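Inspection log for the structure reproduced underneath, given as structure tokens.
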Amino acid sequence: MPKGSDIFLQNVSKIVVFLVLAFALYLFFTGHSSPGGGFIAGLMSAGALLLLALAYDIETVRKVVPFDFKLITAIGLLIALGTGTGALLFGQPFLKHAFGHFDLPLLGDTELHTALIFDLGVYLAVVGVTMTILLTIGEDR
Amino acid sequence: MNNWVVAPMLIPLFTAVILIFLHNKLKLQRWISLISALLNVCAAVFLLYQVQHNGIQTLNMSGWAPPYGIVLVADMFAVLLVLAASIVSSCCLLYSFRGIDEQRERHYFYSLVHFMLAGVSGSFLTGDLFNLFVCFELMLMSSYALIVLGGTKRQFRETLHYILINVLSSTLFVASIAYLYGATGTLNLAHLSMRIAESGQSGPITAVSALLLVVFSVKAGLFLFFWLPGSYGAPPAAISALFGALLTKVGMYALIRTFTLIFYHQAEVTHMLIGTMAIATIVLGGFGAVSQTNVNRILGYNVIASIGFISLALAVSNEDALTGAVFYLVHDMIVKALLFLLAGILVAETGTERINRMGGVLTHSPLLGWMFLIASLAVVGIPPLSGFPGKLLIIQGSLESGQYLIAAAGVLLTLMLLYSLIKIFILAFWGKPRRLRESKWKQTPKLLLSSAPLMLIIVLLGVFAEAFMPYVETASSVLIDPTIYIQAVFKE
């Protein structure tokens, strides 16, 4: 589809992309003990980027996220693996998680969890893999 | 709890991820992957020592006790195979520094090898059926990428077969896992074994076990092997060596593990079926090896035939046979890798894969010839070499149980493999030297050097079999008595 040919889709997606991303963020944070998590949030974010690619084109997506998606995958994997391995340093079994309560400004008493860091890794890996696959197929003429 | 159990999986995973960042720096990639592979050998040796002295080591991932969490179990059988796999992969990596072209190296070759290695080690170490599936997939995904890497026409054709057959069997795998979970309510291997022993192996569970038999047979190349000789011959030698040595053996490991630990109550059905499939595999694989003239296909059929041979031991399932199976499996991983690597050098030297177009390589590079001969004799099981003790024990075990047909099949196989490998030796190495690719190809000595450690191990494993035997017997004692495994998992 040539650029600028579908004004409705483009205008709607300008708003919807942010809604989808916000919902992905919500899913990401709610993930530990209720439905959600890094995997589903990653897929949803990739969905938002895909919408952008459909409404505009792949070049726009590349401009919005100017990183190599393969590297994002690798960084995600490294974070996830690193969190799992961190437990070894404390003499805990592999993948063991830890949490604590912290007084944060604005949020007040917040429970912070190392599983969230692991999820961040999963999130990045999923976004990276999905976008690599989609862009590879999309560019293949 | 012992965190060392996860090391053989964690080291390759970390290496694979780090290598993605360095995919343009070839020298650095090579060094990092070799060092990591050697570290993995060290970790496996350390684990071997611990298991021999302190019994089976387990790790409850994330601290969840079995059967609720995923548990990694390092018993001697698993650790021996992990060790063999890490040795083989170190040598294959060393070989690929010279044997793989730069284009492939740049396209994440080393990352993929390490991902595959993580999957292989994970499959050996896991104590959970679903986790076994996950590790299988990790290994298979990487192998899909490795087999097509380079993108020649032949690779594309064979990859299509390979992916389709494996996706199909993975689907069956998940389906049978779901049936099993529905029937027993657990997927922890030790817990499954307990529950099925308590409630008896009823008809539906035997049916599920037959389904799992089909799944693992496809992966191992037991009877359902039609895809194997073609797809293992398509990629370069270093990759075929990894495939021939590791992938089918993981399937074989899964077969032995499930049918000695869980589904051992209806031996007259399941083990009978395994025995029949094994004999068929031996006959078909043996004839395949004899009839082919393409080096890689001959070796592919050799892989199949020895899978059939190890399955004979599983069909017999007595102490001698299983001890022999463990020994033979370790030997087979190493010797198959060596054969594929040497065949890779042979093909590069002569510029053809057809043995009737080769000739006189012995005058040109005698060392290659003699190494190939020794490796062939080890496959056949000539006494001072490593093939002999395993083969002897398996045949002895089948005679003890009065399974004369199985013993006869084992001996028949030996003759056919001897013929197929000596045929390569006679046609390719003897006679008048033919057209050789002398001008450019100068890598032979270095490639031979990187295969030499495997050669050394074959000889040492055969000569010092007595010293190696205690480890093998520890491994087979767990296979014979599942309660040892169950107690180790549920001890805490």
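Of note:
- Residue in the range B:13-26 that is among the basic types (Lys, Arg) and buried (at least 16 other Cβ atoms within 10 Å of the Cβ) present: no
- Any chance B:Leu312 is surrounded by 24 or more Cβ atoms within 10 Å (Cβ to Cβ) and at pLDDT below 95: yes
- A:Leu43 surrounded by fewer than 20 Cβ atoms within 10 Å (Cβ to Cβ), closer than 25 Å to B:Ile20 by Cα and either away from chain B (no Cβ under 14 Å) or free of Cβ contacts under 8 Å to residues at least 40 places away in the same chain (or both): yes
- Of the helices (runs of 4 or more DSSP H) that lie entirely inside the range B:178-237, those containing 2 or more residues that are touching a Phe, Trp or Tyr at 6+ places or on another chain (Cβ under 8 Å) and among the hydrophobic types (A, V, I, L, M, F, W, C) span B:189-199, B:203-220.
- Residue check for B:Met116: part of a helix (DSSP H, G or I), surrounded by 24 or more Cβ atoms within 10 Å (Cβ to Cβ) and of a type in the set (A, V, I, L, M): yes
- Just one of the numbered conditions (1) touching a residue at least 60 places away in the same chain (Cβ under 8 Å); (2) in a helix (DSSP H, G or I) is not true of B:Gly288: (1).
- Reported count of residues in the range B:119-137, each being surrounded by 21 or more Cβ atoms within 10 Å (Cβ to Cβ) and not in a loop (DSSP other than H, G, I, E, B), is 13.
- Here A:Ile137 meets each of (1) farther than 30 Å from B:Thr126 by Cα; (2) in contact with an Asp or Glu (Cβ under 9 Å, 6 or more places away or on another chain) with one exception, condition (2).
- Inter-residue pairs, beta-carbon under 8 Å, first farther than 10 Å from B:Gln201 by Cβ and in the range B:258-269, second surrounded by fewer than 20 Cβ atoms within 10 Å (Cβ to Cβ) and among the hydrophobic types (A, V, I, L, M, F, W, C), 6+ apart: B:Thr260/B:Ile480
- In summary, helices (runs of 4 or more DSSP H) completely within the range B:1-108 and bearing 3 or more residues that are within 14 Å of another protein chain (Cβ to nearest Cβ) occur at B:7-21, B:26-54.
- Scanning the range A:96-114 for residues that are free of Cβ contacts under 8 Å to residues at least 12 places away in the same chain and of a type outside the set (Lys, Arg) yields A:His101, A:Phe102, A:Asp103, A:Leu104, A:Pro105, A:Leu106, A:Leu107, A:Gly108, A:Asp109, A:Thr110.
- When A:Ala24 is tested against (1) more than 11 Å from chain B (Cβ to nearest Cβ); (2) more than 15 Å from the chain's Cα centre (by Cα); (3) of a type in the set (Gly, Ala, Ser), only condition (2) is not met.
- Filtered residues of the range B:156-209 (kept if buried (at least 17 other Cβ atoms within 10 Å of the Cβ) and basic (Lys, Arg)): B:Arg195
- Long-range neighbours under 6 Å by Cβ, at least six apart or interchain, first residue hydroxyl-bearing (Ser, Thr, Tyr) within the range B:195-211, second not in a loop (DSSP other than H, G, I, E, B): B:Thr206/B:Val269; B:Ser209/B:Thr270
- Residue selection: A:Ile79 fails the criterion of being part of a helix (DSSP H, G or I), within 28 Å of B:Leu112 (Cα to Cα), in contact with a Ser or Thr (Cβ under 9 Å, 6 or more places away or on another chain) and modelled with pLDDT of 90 or more.
- The single condition among (1) crowded, with 24+ Cβ neighbours inside 10 Å; (2) under 14 Å from the mean Cα position of the chain (by Cα); (3) on the phi < 0 side of the Ramachandran plot that B:Pro229 does not meet is (2).
- Residue selected from the range A:72-119 under the condition more than 8 Å from chain B (Cβ to nearest Cβ) and of a type in the set (Ser, Thr, Tyr), by the criterion surrounded by the fewest Cβ atoms within 10 Å (Cβ to Cβ): A:Thr110
- Scan the range A:120-141 for residues that are free of Cβ contacts under 8 Å to residues at least 24 places away in the same chain and either buried (at least 18 other Cβ atoms within 10 Å of the Cβ) or not aliphatic (A, V, I, L, M) (or both) and the total you get is 3.
- Test: residue in the range A:1-15 that is within 18 Å of the chain's Cα centre (by Cα), surrounded by fewer than 17 Cβ atoms within 10 Å (Cβ to Cβ) and over 17 Å from A:Ile117 (Cα atoms): no
- Residues that are among the aliphatic types (A, V, I, L, M) and within 23 Å of B:Pro8 (Cβ to Cβ) within the range A:43-98 comprise A:Ala74, A:Leu77, A:Leu78, A:Ile79, A:Ala80, A:Leu81, A:Ala87, A:Leu88, A:Leu89, A:Leu95, listed in sequence order.
- Selection from the range A:89-141 of residues that are more than 22 Å from A:Phe39 (Cα to Cα), part of a loop (DSSP other than H, G, I, E, B) and at pLDDT 80 or above: A:Phe90, A:Gly91, A:Gln92, A:Pro93
- Here B:Tyr49 passes the criteria (1) within 16 Å of B:Phe115 (Cβ to Cβ); (2) without any contact (Cβ under 8 Å) to a residue 40 or more places away in the chain except the one numbered (1).
The values are calculated or read from the model by the stated rules, or taken from the named source; none is laboratory data. If you're wondering where the values come from, they're calculated on a predicted model, not measured in any experiment. No Cβ is skipped: glycine too gets one built from the backbone with ideal geometry, and neighbour counts run over all protein chains shown.
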